[in-house]
Every structure is written in C-alpha cells, then in structure tokens.
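See below for the structure under consideration.
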Amino acid sequence: MIRELTGREIKRKYARSYLGILWSVLNPLMSMAVMSAVFSTMFRRNIQNYPVYYLTANILWTFFTGATNAAMTALVDSKTMLLRVKLPMSIFPLSRCCTAFVNFGYSLAAYLVILLVFRIPPNPYMPLLFLFAAGVFFFSLGLGYLLSVLYALFADIKYLYSVLLMMWLYLSAIFYPVESTTPAMQAVILRNPIYNFISSARKCVLYGTLPNRGEWLCMFGWSIGMYLLGRVVFRKMQDRILQKI
C-alpha cells in the first residue's frame, strides 16, 4: 500500500510537466547555479568548491521540507480514502515521506554530476550520506506526524509552518559558513538539528572526515526522539482526527 501511494504521489506531482521526473535533477542544479552566482564571490576565501558545499546542504534541506510539507496535509488530502477504506492512518504521512525520499534519490544524480565536475576525490566516508539521509527521514517523519495532527485540527498551521521554515532555512547555514556569524548566532545554529545533518554530510563528502561523537549523538538523538514523539502523539490523536476531518 505504501508503494502504491508513493507511486501515485510521484505521478501526480509530475503529471502536467513535460520533463517529468527530470525536474528532481534540474531543480538542485539550477538552484546551485543561482546561489553560486550570488554567494561564491562573497565566500570564496572561506569555502572551496562552493557549489558542492551548497548543494550538499540543499539536497538534504529540500528533502526535509518536501517530506514535512507533504506529510502535514496527508490526512486531510486523503480523507475520502480514510473514511471508505479501513487502513492504518499512519500510512498516509509515511507514504508522503517515502515520496520525498524517492525524490531525494533522483536529486543525487545531479549531486554526482557536480562531484565529478568539481573533481571531488572519492573517500570511504562518502556513503555515509545515505545514513544521514535516513536520519533526516525519521526526523521528518516524526515531525510530519505532529504536523499532520495539527493541520487536521488547525488548518492555519500550514501558514505558520511556512514562516517557521523560512527562519529555519537561515539558521541552517546552507549558503554561508557558520564562522561568518556572531558567536551568539553560532550557538543557535549548532543546536539546529538539521544543521547537524548538513555539517556531517559536508565533513564526509568534502573533507573526508567523520563527525565527532557529539554530532553523532545529536543526529541519532533528534532522529529517534522526534520520530517517537510524533508517533506517540499521532496514535493518541487518531480518533479525534477522524472526527474532525
């Protein structure tokens, strides 16, 4: 059922597009080109291979925002099926996160091209990018469960979350080095769960080093903690959600 729902979401997303799934590859490439043109000169003394530096963060950030935004509306969008077919409610946010993960996989095609173009030497830690993506998946799924409950009860959460994401974006050091900010801002960014995944991915891919123990603990703590919190809240609120929608 999850496979069918995921396939349906992917087909629906690209149904009216001539290029279809290719947009999952073209979007990160075009975004990288724009951000590189704007910021590469500004940060060229601080960051080598800026396009790779930016794209490493962007594909994880896009995965996170795509998963949580889609999971948030999953129950309301599928209310007809929920009422007519006896299925576990958790399947619907889960399928939306799986769809975002599939799109992340397509984005990796663009990422590999950029690694080759900028001659980033392969190292044994690069495959850990998939482990970080798995961490983002479970963090996004847990948050998606919470958002789907909130959206079913209070539709305005969609607009509030878009504002939160904008602030979250600028606190994730996606297109600038953390060192360029004030000490107080650095302290905030370093406690950002998404930044932990981004920073660890950059270390493995760009610099061939492993995250430190604190970063590993933060990543696994946020992933497991957010997933369990979202799952518990979702289970407790299922009956109320059905009544509301």
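Things to note:
- Residue match in the range 104-115 (condition: farther than 24 Å from Leu229 by Cα, in contact (Cβ under 8 Å) with a residue 40 or more places away in the chain and touching a Phe, Trp or Tyr at 6+ places or on another chain (Cβ under 6 Å)): yes
- Scoring Phe154 on the criteria (1) closer than 21 Å to Met89 by Cα; (2) hydrophobic (A, V, I, L, M, F, W, C); (3) buried (at least 16 other Cβ atoms within 10 Å of the Cβ) leaves a single failure, condition (3).
- Looking only at the range 76-112, and only at residues there that are at pLDDT 85 or above and among the β-branched types (Val, Ile, Thr), the one that is surrounded by the fewest Cβ atoms within 10 Å (Cβ to Cβ): Val102
- Breaking point among (1) part of a loop (DSSP other than H, G, I, E, B); (2) touching a Cys at 6+ places or on another chain (Cβ under 6 Å); (3) open to solvent by less than 70 Å² (accessible area, probe 1.4 Å), for Ile120: (2)
- Residues (more than 19 Å from Leu147 (Cβ to Cβ) and of a type in the set (A, V, I, L, M)) located in the range 186-245: Ala187, Val188, Ile189, Leu190, Ile198, Ala201, Val205, Leu206, Leu210, Leu217, Met219
- For the range 81-114, the set of residues classified as in a helix (DSSP H, G or I) and in contact with a Lys or Arg (Cβ under 9 Å, 6 or more places away or on another chain) consists of Ser95, Cys98, Thr99, Asn103, listed by residue number.
- Residue that is nearest to Met226 (Cα to Cα), among those in the range 151-161 that are assigned to a helix (DSSP H, G or I) and without any contact (Cβ under 8 Å) to a residue 60 or more places away in the chain: Leu160
- Count - residues of the range 170-201 that are open to solvent by 30 Å² or more (accessible area, probe 1.4 Å), assigned to a helix (DSSP H, G or I) and aliphatic (A, V, I, L, M): 5
The values are calculated or read from the model by the stated rules, or taken from the named source; none is laboratory data. Just so it is clear, the structure is predicted and the values come from calculations on it, not from any experiment. Quick reminder, even Gly has a Cβ in these numbers, built from the backbone with ideal geometry, and neighbours come from all protein chains shown. When the accessible area is computed, the model is the full protein with side chains, heavy atoms only, and any ligands, DNA or RNA have been set aside. Shrake-Rupley method; radii C 1.70, N 1.55, O 1.52, S 1.80 Å.
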